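One structure is given below, encoded as structure tokens.
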2 protein chains.
Amino acid sequence: MFRELNPLLHSELRLAVMSILIGVESADFVFLRKQTGATAGNLSVQIDKLQRAGYIEVEKTYRGKLPCTICRMTDTGREAFAEYVDALKSYIG
Amino acid sequence: MFRELNPLLHSELRLAVMSILIGVESADFVFLRKQTGATAGNLSVQIDKLQRAGYIEVEKTYRGKLPCTICRMTDTGREAFAEYVDALKSYIG
DNA sequence: ATAAAGTAGTTTATAATATAAACCAAACAA
DNA sequence: TTGTTTGGTTTATATTATAAACTACTTTAT
């Protein structure tokens with residue numbers, strides 16, 4: 001009846017991050033922060049979780065002299081997101 | 001950009017309960033337990049939260065000699081559910 | 001009549017999660 | 001050179017989810 005909801009994606013902030021990343025080639029920390037309105041600490045933790053799960057790739061680089069953390073979704077991430085969205089439909093029709 | 005997800009509804013089990021109740025006039029504890037596959041303890045707690053939020057009404061009665069807890073959604077619940085579903089769409093398109 | 005097992009839950013203890021506050025290092029500005 | 005801003009990370013705390021333990025009663029078997 002009800003499909004299981006991947007707990008890694010069933011989180012407002014991680015879902016927002018995935019939702020952004022699925023639509024772009026890549027996005028940096030500052031952009032994600034602005035789009036989601038999250039605090040830096042929270043975003044940092046949630047990016048880490050998505051990376052550990054293999055759903056996103058994180059590249060640590062510099063923009064000029066300032067640190068810049070670039071995120072992009074992996075194929076695994078895309079699959080997981082698609083399945084999550086599908087599973088959600090068993091709840092919300 | 002992203003709408004807020006009502007944390008009371010953004011929970012797998014509570015969402016499942018609401019999803020069931022939106023489609024029926026009422027449902028009892030045992031039915032909800034079977035449909036969701038939840039443990040009795042977890043279901044009891046989550047029903048309580050939904051009731052306190054005013055999203056469902058709980059009627060304590062008997063089926064024969066055995067206790068029977070009947071749940072039905074309120075108008076407030078229906079509204080909250082509709083808004084939650086709508087908000088979700090800002091994440092999953 | 002009594003013990004054992006089952007039904008329908010509730011309460012409570014614990015594990016997992018989310019979140020913000022505090023912190024760090026480098027850059028820039030006064 | 002002292003303070004402020006940027007771009008984060010780490011850690012402490014509050015919240016949440018969940019299962020285990022318990023309550024109260026019924027049914028079944030002895």
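Look through the stretch A:42-51, keep the residues that are surrounded by fewer than 18 Cβ atoms within 10 Å (Cβ to Cβ) and within 13 Å of DNA strand C (Cβ to nearest atom), and return whichever of them is nearest to residue A:77 (Cα to Cα). So the residue we want is A:49. Of all the listed residues (A:64, A:54, A:77), the sole one being more than 13 Å from DNA strand D (Cβ to nearest atom) and either surrounded by fewer than 20 Cβ atoms within 10 Å (Cβ to Cβ) or of a type in the set (Val, Ile, Thr) (or both) is A:54. Being touching a strand residue (DSSP E or B) at 6+ places or on another chain (Cβ under 9 Å) and either farther than 27 Å from residue A:23 by Cβ or more than 10 Å from DNA strand D (Cβ to nearest atom) (or both), is that true of even one residue in the stretch B:9-17? So far as the stretch B:9-17 goes, yes, one or more of its residues are touching a strand residue (DSSP E or B) at 6+ places or on another chain (Cβ under 9 Å) and either farther than 27 Å from residue A:23 by Cβ or more than 10 Å from DNA strand D (Cβ to nearest atom) (or both).
Output yes when any residue across the stretch B:58-69 is outside any strand (DSSP E or B), in contact (Cβ under 8 Å) with a residue 12 or more places away in the chain and not aromatic (Phe, Trp, Tyr), and no when none is. Taking every residue of the stretch B:58-69 in turn, none turns out to be outside any strand (DSSP E or B), in contact (Cβ under 8 Å) with a residue 12 or more places away in the chain and not aromatic (Phe, Trp, Tyr).
Among residues belonging to the stretch B:19-41 that are exposed (fewer than 14 other Cβ atoms within 10 Å of the Cβ) and within 15 Å of DNA strand D (Cβ to nearest atom), point out the one that is nearest to the other protein chains (Cβ to nearest Cβ). So, considering only residues that are exposed (fewer than 14 other Cβ atoms within 10 Å of the Cβ) and within 15 Å of DNA strand D (Cβ to nearest atom), the one nearest to the other protein chains (Cβ to nearest Cβ) is B:37. Here the stretch A:1-35 is the region considered, the condition is being under 25 Å from residue B:14 (Cα atoms) and polar (S, T, N, Q), and the residue that is farthest from DNA strand C (Cβ to nearest atom) is A:19. Taken over the stretch A:1-49, the criterion of being of a type in the set (A, V, I, L, M, F, W, C) and part of a loop (DSSP other than H, G, I, E, B) is satisfied by A:1, A:2, A:5, A:8, A:9, A:22, A:24, A:38. For residue B:55, the criteria (1) touching a Leu at 6+ places or on another chain (Cβ under 8 Å); (2) touching a residue at least 24 places away in the same chain (Cβ under 8 Å); (3) within 14 Å of chain A (Cβ to nearest Cβ) hold in every case but one, which is (3). For the stretch A:49-65, the tally of residues that are more than 14 Å from residue A:28 (Cα to Cα) and touching a helix residue (DSSP H, G or I) at 6+ places or on another chain (Cβ under 8 Å) stands at 5. Checked against (1) under 10 Å from the mean Cα position of the chain (by Cα); (2) within 16 Å of DNA strand D (Cβ to nearest atom); (3) within 14 Å of another protein chain (Cβ to nearest Cβ), residue A:71 passes all but condition (3).
Note on the stretch B:70-93: residues that are within 16 Å of DNA strand C (Cβ to nearest atom), farther than 25 Å from residue A:82 by Cα and not in a strand (DSSP E or B) amount to 0.
FYI, it's all coordinate maths here, none of it is from the lab. What you see is a predicted model; the values in this text were computed from it and never measured. Quick reminder, even Gly has a Cβ in these numbers, built from the backbone with ideal geometry, and neighbours come from all protein chains shown.
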